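K.L.:
My questions will all concern the structure given below.
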Amino acid sequence: MAIVKLKSKPKVAFITGITGQDGSYLCEILLENGYEVHGLVRPSAQRQQSLSRPLRDGVTLHAGDMCDLGSLIQILSSIQDIGEIYHLAGQSHVGLSFQMPLSTSDTNALGTLRVLEAMRILNLDKTTRFYNAGTSELYGCDMPAPQTEETPFYPVSPYATAKQFQYWTTVNFRDAYGFHASNGILFNHESPRRGTTFVTRKITSQVALIACGLSESFELGNLNAVRDWGHAKDYMRGVHLILQQPEPGDYILASGTAYSVRQFVEAAFQIIGVNIEWSGTGLDEVGIDSVTSKVRVRVNRKYYRTLENETLLGSAAKAKRVLGWQPKYTFRALVEEMVLSDIRAVRSGRIFAHTPLDLD
Ligand code: GDD
């Protein structure tokens with residue numbers, strides 16, 4: 001007797017922020033797992049470069065905006081059997097949020113409420129799981145390290161206060177309306193797809209320009225800031241696992257290791273065989289090539305934050321225990337991948353001189 005195998009229907013997911021670093025990695029993971037993927041794209045956004053052409057062919061993009069409830073309702077109601085919503089969209093630059101607190105809150109805080117409200121209006125609460133992109137920026141200064149899911153929040157930027165609203169709104173929809181709604185509290189996660197306004201990619205792209213003889217030096221802000229840096233690809237695997245749990249919950253994803261911006265600079269230069277020595281203090285500090293004595297890094301006050309969370313270090317013990325999540329990249333492997341990728345980008349003309357605006 002012939003056995004007829006019925007093809008199971010693919011899972012359907014919707015990603016807000018699909019064109020960003022995280023959205024593009026998550027999209028790849030979902031496609032590898034056989035999902036039908038839909039993504040939200042702002043019509044004005046020209047930031048689809050992270051979604052390479054073959055990937056874009058495999059997903060359905062919908063034009064919409066986090067500030068427009070109507071478009072969110074229209075899009076979500078047009079997607080059949082939507083099972084998972086990954087809400088990653090938002091204004092993600094902490095420094096910029098001090099200049100644009102209102103629009104940051106509208107997009108991030110109210111934007112999240114709009115997605116959840118659209119789900120509630122469309123009765124998706126019983127059928128669709130929701131993931132909110134939380135952040136280590138929820139924690140305040142001088143918190144005991146490592147931070148865990150139990151560490152109290154004390155946001156110190158407009159970005160972080162908006163994220164606090166997102167976090168608790170997600171919890172509230174879970175408690176009040178019974179949503180399968182979860183938060184990821186992600187510590188800094190980087191990759192060659194990171195924007196150049198974030199410090200890691202700013203450093204690796206500048207080191208690549210120096211390695212290729214196209215630049216002499218670059219400027220940074222607070223070299224003492226300490227961050228827990230992991231690879232976005234690892235973290236998006238974790239995000240996917242969070243929504244596969246039978247019960248919703250809140251999870252930290254972190255590497256559990258922390259380095260200063262100064263150490264990141266040293267590590268990036270090491271990849272191109274340059275040893276950096278530091279001289280001076282505060283705004284007068286410079287990073288010097290120990291062999292040629294050329295100044296490669298300077299400090300500029302304009303890259304300092306109005307208020308700064310100096311040290312962040314996370315414990316992903318819960319995610320490891322419950323989700324079985326384990327990051328694969330080491331700090332050194334992350335830095336190497338980013339520097340080598342940027343050197344290839346410079347050589348192929350994809351990175352050239354930056355405008356001052358790029359160098360946030
Ligand atoms: N961007 C930037 N540019 N940061 C600098 C610079 C500079 O020239 N010089 C020093 N820094 C310091 C910042 O003050 C901060 O302490 C640290 O480098 C990291 O800055 P960013 O790379 O901009 O990231 P972030 O930590 O503020 O926030 C990122 O990670 C969060 C946690 O995952 C963003 O991706 C957030 O959206 C995210 O929530």
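Every number in this text was worked out from the coordinates using simple rules, so none of it is lab data. On a predicted model such as this, the values are computed, not experimentally measured, just so you know. Cβ coordinates were reconstructed from backbone atoms using ideal geometry, including for glycine residues, and neighbour counts include every protein chain displayed.
K.L.:
Please list the non-local residues whose amide H lies under 5 Å from the amide H of Lys294, H modeled 1.01 Å from N, same-chain partners needing a gap of 5 or more.
P.N.:
Asp289
K.L.:
Within the chain, which complete DSSP H helices have Cα atoms spanning at least 20 Å along the helix axis and a mean Kyte-Doolittle hydropathy of 0.0 or higher?
P.N.:
Details: long enough: 158-177 (28 Å, -0.78); 331-347 (24 Å, 0.48).
Flagged H segments are 331-347.
K.L.:
P(r) tail for the chain, what percent of Cα pairs lie past 31 Å?
P.N.:
35 percent
K.L.:
Given Thr148, Gly58, Tyr235, which one lies farthest toward the positive end of the charge dipole of the chain, if we put +1 on the Cβ of every Lys and Arg and -1 on the Cβ of every Asp and Glu?
P.N.:
Gly58
K.L.:
List the residues, sorted by chain then number, that are 5 or more residues from Leu253 or on another chain and whose placed amide H is less than 5 Å from its amide H.
P.N.:
Those qualifying (amide H under 5 Å, at least 5 residues apart or on another chain) are Ile185, Leu186, Phe187.
K.L.:
Hey, what did the chain get for relative contact order, percent, Cα under 8 Å, at least 6 apart? Please report the intermediate quantities before stating the final value.
P.N.:
Working: 681 pairs, mean separation 60.0, N = 360.
After rounding, I find 17 percent.
K.L.:
On average over all directions, what projected area in square nanometres does the range 254-293 have, based on the convex hull of its Cα atoms? Display every interim value, and only then the final one.
P.N.:
Values: hull surface 14.5 nm².
Computing the convex hull of the Cα atoms and averaging its projections yields 3.6 nm².
K.L.:
Restricting attention to the range 86-151, which GluC sites (Glu not before Pro) occupy a DSSP loop and are surrounded by at most 10 other Cβ atoms within 10 Å? Spell out each step's value before the answer.
P.N.:
On the way: sites: Glu117, Glu137, Glu149, Glu150; in loops: Glu149, Glu150.
Within the range 86-151, the qualifying GluC sites (Glu not before Pro) (loop, at most 10 other Cβ atoms within 10 Å) are Glu150.
K.L.:
What is the total of Lys pairs in the range 202-360 with C-alpha atoms under 25 Å apart, excluding same-chain pairs fewer than 8 positions apart?
P.N.:
Close lysine pairs under the 25 Å cut-off: 10.
K.L.:
Excluding residues on the same chain fewer than 8 positions from Lys9, give the lysines whose Cα lies under 23 Å from its Cα.
P.N.:
Leaving aside lysines fewer than 8 places away in the same chain, those within reach of Lys9 are Lys126.
K.L.:
Would you please give the residues with an amide H less than 5 Å from that of Glu219, counting only those at least 5 places away or on a separate chain, with H modeled from the backbone geometry?
P.N.:
Correct list: Arg298.
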